[in-house]
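Okay, so here's the structure we're looking at.
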Amino acid sequence: MNITDSVALVSGANRGMGRVYVSELLNRGAARVYAVCRDPRTLDPAHSGDERVVPVSLDITDAHGVAMAAANASDVSLLINNAGSSFIEPVVSGELDRVRREFETHVFGTLNMVRAFAPVLAANGGGAILTMLSALSWVDYYGLGSYTAAKTALWGLNTAIRHELAAQRTQVVGLHVGATDTDMTAGYEIPKVAPEEVVAAALDGVAAGSLEVLFGTEAEEAKKALARTPEQLYPGSVPGTWS
Ligand SMILES: NC(=O)c1ccc[n+]([C@@H]2O[C@H](COP(=O)([O-])OP(=O)(O)OC[C@H]3O[C@@H](n4cnc5c(N)ncnc54)[C@H](OP(=O)(O)O)[C@@H]3O)[C@@H](O)[C@H]2O)c1
């Protein structure tokens, strides 16, 4: 789809990759960008001062609020599901409430957005949905359980959404990337890619009609890992390995 003159909505627009999405959409000539965040006072002042940006106060886990937002943003043709949590809780031994909230955000929060905006996109010719998946949709690292499981579930959800919305001509894109330099990875001393590069690749993919965008070697390696057995990929998870 054409980004120029599009009307986009970005969740988690106040920081991290969401903030970069808003900047890049404006750079590429979007006509309007709805900037969804839980507290609009935290929007980048350069964005809240731009007449093309419409701040929207919304928690994506609030289905009623999401439905109201969709009713008020009936011109959206590009939905960017960027908002995401990082409770990073072990799924068996960790706090169940935090595991549940990870799924509520990534899976059911994103589904709230898609269910509310699918008729809006249909009315505007089909449009596109871009969802932030991860290299961790395809591989797990010990201890990251709630996050990797939620991102894997979101990958499956995105595939089902793509199937169901094909008839209304909606392009459903999944973006997979590894560690990216935002607040989410602030505590990790690991190689990280720049959010500006990720966002540029994602929007290039949307513009090119892609359904899946992989950015960086971490995402590419993760996709190859799908073909490996659990014994090859996770030798430490074989029973008896740990004493
Ligand atoms: N950083 C990485 O390494 C990486 C890699 C692959 C994929 N991703 C994915 O890319 C997306 C953006 O990540 P990021 O690194 O930019 O994260 P971030 O810097 O931690 O920002 C997360 C954003 O999501 C918002 N958010 C969280 N829960 C929300 C909710 N229930 N309703 C509305 N907004 C909510 C946050 O709002 P508040 O400011 O109100 O908290 C914030 O704006 C996420 O989906 C993440 O899983 C990140």
Placing one equal point scatterer on each C-alpha of the range 104-243 and summing with Debye, one gets log10 I(q)/I(0) at q = 0.10, 0.16, 0.18 Å⁻¹ equal to -0.38, -0.91, -1.10
Note to self, the chain gives a 222 nm [θ] from helices alone (DSSP H runs n ≥ 4, -39500 (n - 2.57) apiece, / all residues, nearest 500) of -12000 deg cm²/dmol
Hits for the chain under the membrane-span-like helix rule (DSSP H, Cα axial span at least 15 Å, Kyte-Doolittle mean at least 0.5) are 110-123, 195-208
Whole-Å distance linking the alpha carbon centroid of the range 199-221 with that of the range 116-152 is 13 Å
In the range 146-243, the GluC sites (Glu not before Pro) that sit in a DSSP loop and have at most 10 other Cβ atoms within 10 Å of their own Cβ are Glu189
Probe 1.4 Å, heavy atoms of protein chains only: per residue, the accessible area of the chain in Å² is 49 Å²
In whole angstrom, the spacing between the Cα centers of the range 17-58 and the range 160-196 equals 18 Å
Under a 1.4 Å probe, counting only protein heavy atoms, Arg228 has an accessible area in Å², nearest 10, of 120 Å²
Probe 1.4 Å, all chains present, heavy atoms only: Val56 accessible area in Å², nearest 10, is 30 Å²
Computed over the chain, the convex hull of the Cα set has an average projected area, in nm², of 13.5 nm²
For Phe108 the rounded accessible area (nearest 10 Å², probe 1.4 Å, non-protein molecules ignored) is 100 Å²
Of every Cα-Cα pair in the range 20-99, the percentage lying beyond 20 Å is 42 percent
About its Cα centre, the range 7-237 carries a charge dipole, from +1 on Lys and Arg Cβ atoms and -1 on Asp and Glu Cβ atoms, whose size in debye to the nearest 20 is 500 debye
Taking protein heavy atoms only, a 1.4 Å probe, and rounding to whole percent, the accessible area of the chain owed to carbon and sulfur comes out at 54 percent
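The values are calculated or read from the model by the stated rules, or taken from the named source; none is laboratory data. Computed from a predicted model, the values in this text were never measured in an experiment. Glycine also receives a Cβ, built like all others from the backbone with ideal geometry; neighbour counts cover every protein chain displayed. Side chains included, ligands, DNA and RNA excluded: accessible areas come from the protein's heavy atoms. Shrake-Rupley method; radii C 1.70, N 1.55, O 1.52, S 1.80 Å.
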